[in-house]
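As structure tokens, the structure follows; a few thoughts come after it.
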Amino acid sequence: MKKLRTDLQIIYDWIPSGARVLDLGCGDGHLLTSLQQRNVTGYGLEIDNSQIAGCIESKVNVIQADLDLGLPQFSNQSFDFVILSQTLQAVKRPDFLLDEIIRVGKQAIIGFPNFGHWQCRKQLVFGGQMPISKTLPDSWFNNSNIHLCTIKDFEKLAANKNVTILKRSILNHSHKDSLGIKLAPNLLGEIALYQIKKSTV
Amino acid sequence: MPDSIPVDSVGLVSPQFIHIDTPLSLESGRMLLQYDLVYETYGELNIQASNAVLICHALSGDHHAAGYHSLEDKRAGWWDNLIGPGKAIDTNLFFVVSLNNLGGCQGSTGPTSINPNTQKPYGPDFPIITVVDWVNSQAVLADKLGIRQWAAIVGGSLGGMQAIQWAISLPDRIRHALIIAAASKLSAQNIAFNEVARTAIKGDPDFHDGHYAEHNTAPRKGLGLARMIGHITYLSDEAMGKKFGRDLRHDSLNYDYDVEFQVESYLRYQSEIFAEHFDANTYLLMTKALDYFDPAKHFNDNLAETFAEIKAKCLVISFTTDWRFSPERSHDIVNALLSANKSVTYAEIEATQGHDAFLLPISRYHQIVGTYMKRIISEEES
């Protein structure tokens, strides 16, 4: 079994055995493949033509679909977890997708690159250019990240959407947690992970 | 004919016949007391009989899906690009069965067969056969071949409808359904196209209410016109544009009512050839089978409920420019399978060729099917 990237390993650890999950933007399905060992079932959604065969090879049930259209094919609260890893920033309306995610999932896990990281700020403030980093490796003109946000931005949106944050994990460039990150997450965190659910009114 | 048989071809194949004298109760309430089925097989059935794949044909298909009947054969079987040693449906791994459906005109009992009661061809008196009836007759063939459960049932268009019906009707006898360019029911527009085709056939003065064989004739003009209409709907605007554009048949325009453009010439030629070797009553029957297919009608039009008992894992495939069986119709199937919490995979293939794409060697399409078929083998082994 291929070793999971650190952020995916955290998601893996957050999902309980036997859960029913929906992985949005599942790529070649490696997270779902790993989760199959823990009897986690469900589906992956992926738009990229080149990834579908990889999912099939890994015995992942993949549905080729465009997340910008929402999740109309799924009924309310039909999954234990909806996972959105490193994809929030690439959709047309992250707010709309977030609505859909908490409609369909009893809980959700959202992971995204933090645009508030100090290196991003440095490149923008001192270099005067859109940042390029390990987490955001492409240039402004050819990347699919059309809605980058910071940890602060996301938490503000979550508050507006009546989303309850159950857990948060912020990782630095080596995908590790540290004391510094605990003190200044929006400055030192490169990747943010949230476990959320719809607030009960 | 090929100069030599290609290495990835199943090679020379011979159709086989089986006579069934167990009566078949039809969905229409009528009964077929006895019938023949013609079929071909490619590859070897393993000892456990667990590697059998059924190929279901569409409107004008037949049992000859792969290989050549003789070295003089001009063309290989209709799905030869998909079926063969090392191909997506690998005959080194699978035992592939392909039959001509009941009501067909290529060897299985149908309107051109002799009615044992009258000693004359059935013609229009041949009972209407539905997708449900085909599944029941295919199950009889499976019994005869010693196949209790199909590893997979594969079909495109009307063939995909048979794969769906198998999964619903006989859930224990199918492990995987490959549902390609299909629909869970025809739209009004689709039924309308079929009705135009039927009107063309029935309006031919040589139709004789379907008894044309007794008059030693056939409604070739009507059948050709029906095929022409069908053919246009199987292609996309883009595909036709690419193939013909506004190319002229001759160097300049003649300003008369004869053929001016290449596309006209092509359509006429194709439809004439088709009308020579296909039976008009079979064409009528096949279009009716398409129209009637609607498994959800027994489940309050709720497709997810219709799929509740399905055990087969499903691979659904659609093609972006297919407007006769559009991706939206595949979405209907996928969404219902998702609602019913079934194992389903869906791929939408970018293709310019319209509905016809399911018959063509499009690399990403074949890669998806091939990868899925290998997954079936690896599931069998684990």
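Among the residues of the range B:364-382, count how many are buried (at least 18 other Cβ atoms within 10 Å of the Cβ) and more than 7 Å from chain A (Cβ to nearest Cβ).
Number satisfying all stated conditions: 5.
Provide a single number: the residues in the range B:321-345 that are hydroxyl-bearing (Ser, Thr, Tyr) and within 20 Å of the chain's Cα centre (by Cα).
Result for the range B:321-345: 3.
Among the residues of the range A:2-34, write down those that are small (Gly, Ala, Ser), surrounded by 19 or more Cβ atoms within 10 Å (Cβ to Cβ) and assigned to a loop (DSSP other than H, G, I, E, B).
A:Gly25, A:Gly27, A:Gly29
In the range A:117-131, is there at least one residue being surrounded by fewer than 19 Cβ atoms within 10 Å (Cβ to Cβ) and closer than 22 Å to A:Leu84 by Cα?
No: zero hits.
For the range B:335-350, give me each residue that is surrounded by fewer than 24 Cβ atoms within 10 Å (Cβ to Cβ) and either under 11 Å from B:Ala183 (Cβ atoms) or out of contact with any helix residue (DSSP H, G or I) (no Cβ under 6 Å at 6 or more places or on another chain) (or both).
Within the range B:335-350, B:Asn335, B:Leu338, B:Asn341, B:Lys342, B:Ser343, B:Glu350 qualify.
Just checking, which of A:Ser85, A:Ser75 is over 19 Å from the mean Cα position of the chain (by Cα), at negative phi and of a type in the set (Gly, Ala, Ser)?
After applying the criteria, what remains is A:Ser75.
Out of curiosity, is B:Ala139 in contact with a strand residue (DSSP E or B) (Cβ under 6 Å, 6 or more places away or on another chain), within 26 Å of B:Tyr372 (Cα to Cα) and in a helix (DSSP H, G or I)?
Spelling it out, it is not the case that B:Ala139 is in contact with a strand residue (DSSP E or B) (Cβ under 6 Å, 6 or more places away or on another chain), within 26 Å of B:Tyr372 (Cα to Cα) and in a helix (DSSP H, G or I).
Considering only the range B:325-340, state which residues are touching a Cys at 6+ places or on another chain (Cβ under 9 Å) and more than 10 Å from chain A (Cβ to nearest Cβ).
Selection gives B:Ile333 alone.
Output the residues belonging to the range A:58-80 that are loosely packed, with under 15 Cβ neighbours inside 10 Å and without any contact (Cβ under 8 Å) to a residue 12 or more places away in the chain.
A:Leu69, A:Pro72
Residues in the range A:35-57: is at least one within 22 Å of A:Pro16 (Cβ to Cβ), surrounded by fewer than 21 Cβ atoms within 10 Å (Cβ to Cβ), touching a Gly at 6+ places or on another chain (Cβ under 6 Å) and among the polar types (S, T, N, Q)?
yes
Per-residue answers, yes or no, for (1) out of contact with any helix residue (DSSP H, G or I) (no Cβ under 7 Å at 6 or more places or on another chain); (2) within 12 Å of chain B (Cβ to nearest Cβ); (3) farther than 19 Å from A:Leu166 by Cβ:
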| residue | (1), (2), (3) |
| --- | --- |
| A:Pro16 | yes, no, no |
| A:Asn39 | yes, no, yes |
| A:Gly44 | no, yes, yes |
| A:Gln51 | yes, yes, yes |
| A:Gly54 | yes, yes, yes |
| A:Leu67 | no, no, yes |
| A:Gln73 | no, yes, yes |
| A:Gln86 | yes, no, yes |
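Being more than 22 Å from A:Leu98 (Cβ to Cβ), touching a Pro at 6+ places or on another chain (Cβ under 7 Å) and of a type in the set (A, V, I, L, M, F, W, C) is true for just one of A:Leu136, A:Leu179, A:Leu124, A:Leu188. Which residue is that?
After applying the criteria, what remains is A:Leu124.
Any residue in the range B:342-363 that's more than 14 Å from chain A (Cβ to nearest Cβ): show its pairings with residues that are open to solvent by less than 30 Å² (accessible area, probe 1.4 Å) and of a type in the set (Lys, Arg) at Cβ separation under 9 Å, as long as the two are six or more apart or on different chains.
If the second residue must be open to solvent by less than 30 Å² (accessible area, probe 1.4 Å) and of a type in the set (Lys, Arg), the pairs left are B:Gly354/B:Arg324; B:His355/B:Arg324.
Looking only at the range B:200-246, how many residues end up being under 19 Å from B:Phe126 (Cα atoms) and either out of contact with any Phe, Trp or Tyr (no Cβ under 6 Å at 6 or more places or on another chain) or open to solvent by less than 20 Å² (accessible area, probe 1.4 Å) (or both)?
15
Residues in the range B:96-122 that are open to solvent by 10 Å² or more (accessible area, probe 1.4 Å) and not in a loop (DSSP other than H, G, I, E, B): how many?
Matching residues across the range B:96-122 total 4.
The values are calculated or read from the model by the stated rules, or taken from the named source; none is laboratory data. On a predicted model such as this, the values are computed, not experimentally measured, just so you know. Virtual Cβ from ideal backbone geometry, glycine too; neighbours counted across all protein chains shown. With ligands, DNA and RNA removed, areas are computed over all heavy atoms of the protein, side chains included. Shrake-Rupley method; radii C 1.70, N 1.55, O 1.52, S 1.80 Å.
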